[in-house]
Amino acid sequence: MANKLRSKDFNKIEIFCNKTISLAMSILKKHYKRNSIKENLDLIKKIRESPKEFINHNVLNAIAMEFYNPDSVKQKPIALNSEEVELNVFGRPLIKSNAYQQMKTAMKLPIVCKAALMPDSHLGYGLPIGGVLATTNTVIPFAIGMDIGCRMSLTIYEATERFFKMHEHKFKQSIKDNTAFGLAKIIGYNQEHEFLDRDVFSETALLKKLKSKAAKQLGSSGSGNHFVEWGIVELKEDEKVGLPAGKYIGLLAHSGSRGFGASIAKFYSDLAKNESMLPHNMRHLGWLDLDKPNGQEYWRSMNLAGDFASACHDQIHKNVAKDLGLKAICKIENHHNFAWKEMVDGKELIVHRKGATPAGKNVLGIIPGSMTDPGFIVKGKGNVASISSASHGAGRKHSRKETVSRNTKSEMRKKLKQKNVSLIGGALDESPFAYKSLEQVMSFQSELVETVGKFIPRIVRMDRDK
């Protein structure tokens, strides 16, 4: 029945605009409720492909207008790449065909010069999670994603495992009292950070409008797979890290630019899509030219969103550790869901990393496991084939829905107990059963990174408090 249509049904036919989806669902529910889901999706595809035919329809004209662009009739669609672009895949046995094919589709864009897939790759929107795409002087907002500048940050403290065990209740309370997760959640006290004092907020109407949102959400974390964790850090001797080999206490966080970055992403993704003359099933991969005002605006806004994500992490680490009297001796952090100007095969290109870790020569980063499995502290090898990239985690093995249908909360609690992990919040769809084996993922990227340490989770805080 039409009233059973969901946003994900539209996503499967490459329709992502929330306004379009909401309008279509409302009209179909009212006027086409006897149709099957397939019949209604086929109807929407037909309207999308030939909107002009439905402009005068007494019911479907509103949907047709969502897809109709009279100016586009005068222009020819952009020609796609006819020749194969270099794609290097790491860990192909771990990557489902739908993610691989999604990457192949993106590589048809005429601006693409080179691509790579990481061993944690799985299906995403626009570009697979774990996809790396290098383009010429252009940026694809949708290939970066909604959570611009999503990042990992690890602070290492001069404290022993014995100290942690003696005061575990205090460590747990520090996370409970000083973190906030999910939509519209904020820290319950005012915070200051130099980020909020920048003049750049006055550069565009959008940034001016978003400054208050940034101030409210500073120091908070997103939902889904975002987390803040206390754990044990095991380090090897490495001059880049600069600490003696041994065990330390660490605070690890994973989060991005919150609603601030999502608003920037949506605005410029819609702009790029509407300006694109790509075939309709690829319109969401529309790009912005960095020599033109819209491209320059997005680039500045994207970098600002990345800086906001970094500021949030600064505050998370500061807030959580402030009552414990710990001395920070090292910090390791890295972005993903971002684009960089980098030299690739002798040319400056725009490298999009959608859920992939920068792994330039001697660049440090963190690749986390699940809520129970250790993460890896790594040092990049600058591998040309991977466009100096590595995985950003273990990668999902099962979708959220599939994970919930396969496993139980009782099984998750048992797993947490076996691994000696205390969980605050969290949900079954983010359980360890949802993810690939990080050990296996790492075995496919020995040419990309060197392991210099591990992070073993002990207290994990996520969204969805119980």
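Got a sec? How would Thr372, Thr135, Thr20 order by Cβ neighbour count within 10 Å, fewest to most?
Thr20, Thr372, Thr135
Only sites in a loop by DSSP and with at most 13 other Cβ atoms within 10 Å count here; which trypsin sites (Lys or Arg not before Pro) in the range 282-380 make the cut?
Lys322, Lys327, Lys361
Would you mind computing, in nm to one decimal, how far apart the modelled labels at Lys327 and Ala205 are, each placed 7 Å from Cα along Cα→Cβ?
It works out to 5.4 nm between the two label points.
Can you sort Phe164, Phe227 from fewest to most other Cβ atoms within 10 Å of each residue's own Cβ? Don't jump to the answer; show the numbers that get you there.
Values: Phe164 22, Phe227 27.
Going from sparsest to densest Cβ surroundings: Phe164, Phe227.
Where in the range 408-430 is the amide nitrogen less than 19 Å from a point lying 7 Å along the Cα-to-Cβ axis of Gln173?
Inside the label zone: 422-425.
Hey, how much of the P(r) for the chain falls beyond 35 Å, as a percent of Cα pairs? Mind dumping the intermediate values first?
Working: 36178 of 108345 pairs.
Value for the chain: 33 percent of Cα pairs lie more than 35 Å apart.
State, as an integer percentage, the relative contact order of the chain based on alpha-carbon contacts under 8 Å between residues 6 or more apart. Write down the numbers at each step before the final one.
Details: 986 pairs, mean separation 87.9, N = 466.
So the answer I get is 19 percent.
For the range 189-233, state which GluC sites (Glu not before Pro) are in a DSSP loop and have at most 16 other beta carbons lying within 10 Å of their beta carbon.
For GluC sites (Glu not before Pro) across the range 189-233 that sit outside H, G, I, E and B with at most 16 neighbouring Cβ atoms in 10 Å, the list reads Glu192, Glu203.
Per residue Cα convex hull volume for the range 263-410, in cubic angstrom?
Value for the range 263-410: 192 Å³ per residue.
Tell me, rounded to the nearest percent, the portion of alpha carbon pairs in the range 165-209 spaced more than 12 Å apart. Before the final figure, lay out each step's value.
Numbers: 737 of 990 pairs.
Across the range 165-209, Cα pairs with separations above 12 Å total 74 percent.
Return the calculated 222 nm mean residue ellipticity for the chain, to the nearest 500 deg cm²/dmol, obtained by summing -39500 (n - 2.57) across DSSP H runs with n ≥ 4 and dividing by the residue count.
Value at 222 nm, helices only, nearest 500: -10000 deg cm²/dmol.
Taking neighbour counts of Cβ atoms within 10 Å as a proxy for exposure, in what order, fewest first, do His313, His398, His280 appear?
Going from sparsest to densest Cβ surroundings: His280, His398, His313.
Computed from the coordinates by the stated procedures, all read-outs in this text should not be read as laboratory data. None of these values were measured; they are calculated from a predicted model. No Cβ is skipped: glycine too gets one built from the backbone with ideal geometry, and neighbour counts run over all protein chains shown.
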